[in-house]
1. Every residue in segment 42-59 that is closer than 19 Å to Lys109 by Cα and either at pLDDT 95 or above or surrounded by fewer than 19 Cβ atoms within 10 Å (Cβ to Cβ) (or both), please.
2. I want to confirm something. Restricting to segment 105-126 and keeping residues that are over 17 Å from Leu11 (Cβ atoms), outside any helix (DSSP H, G or I) and not aromatic (Phe, Trp, Tyr), which single residue is modelled with the highest pLDDT?
Amino acid sequence: MNNTAKGKKVLIVDDEPDTLELVKLVLESAGFKTQLATSGKDALKQFLDAKADLVLLDIMMPDLDGWDVFRKMKLMDPNIPIAILTAKAQNIDKLLGLHVLKADDYITKPFGKNELIDRVTKLTLA
């Protein structure tokens with residue numbers, strides 16, 4: 001990992017404990033700091049206080065869906081990059097995320113360890 005990305009903080013938002021733990025382990029093994037949110041409401045509470053360099057945001061969550069969370073986060077601070085991290089791999093979802101809402105990246109599950117590290121590194125250095 002590029003040394004300038006080391007220590008960057010990533011807020012990971014997902015309602016699936018296994019996904020949260022996997023992403024946390026992968027990113028921390030690469031030198032990133034992580035903070036976890038288990039729901040959309042939890043993510044919004046933590047967003048500004050987290051002072052994250054990047055948010056990885058799931059779309060399908062029970063309380064607030066990721067699209068709503070994305071919009072609210074961008075109103076709170078439009079400068080923090082947000083990447084969608086989801087199992088929704090259909091083109092319509094990618095178009096909505098990347099072109100309509102202007103997400104900084106759209107990562108579909110399952111993903112490879114190196115792919116995740118490379119994309120997070122790129123986003124935190126942008």
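The values are calculated or read from the model by the stated rules, or taken from the named source; none is laboratory data. What you are looking at is a predicted structure, and each value in this text was computed from that prediction instead of being measured. Virtual Cβ from ideal backbone geometry, glycine too; neighbours counted across all protein chains shown.
1. Filtering segment 42-59 for residues closer than 19 Å to Lys109 by Cα gives 54-59.
Within segment 42-59, Leu54, Val55, Leu56, Leu57 meet the criteria.
2. Gly112
So that you can scan it fast, the table gives a plain yes or no per residue for (1) surrounded by fewer than 17 Cβ atoms within 10 Å (Cβ to Cβ); (2) closer than 13 Å to Leu116 by Cβ:
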site: Glu21; (1), (2): yes, no
site: Leu27; (1), (2): no, yes
site: Ala37; (1), (2): no, no
site: Gly40; (1), (2): no, no
site: Met61; (1), (2): no, no
site: Asp65; (1), (2): yes, no
site: Lys72; (1), (2): yes, no
site: Leu75; (1), (2): yes, no
site: Pro78; (1), (2): yes, no
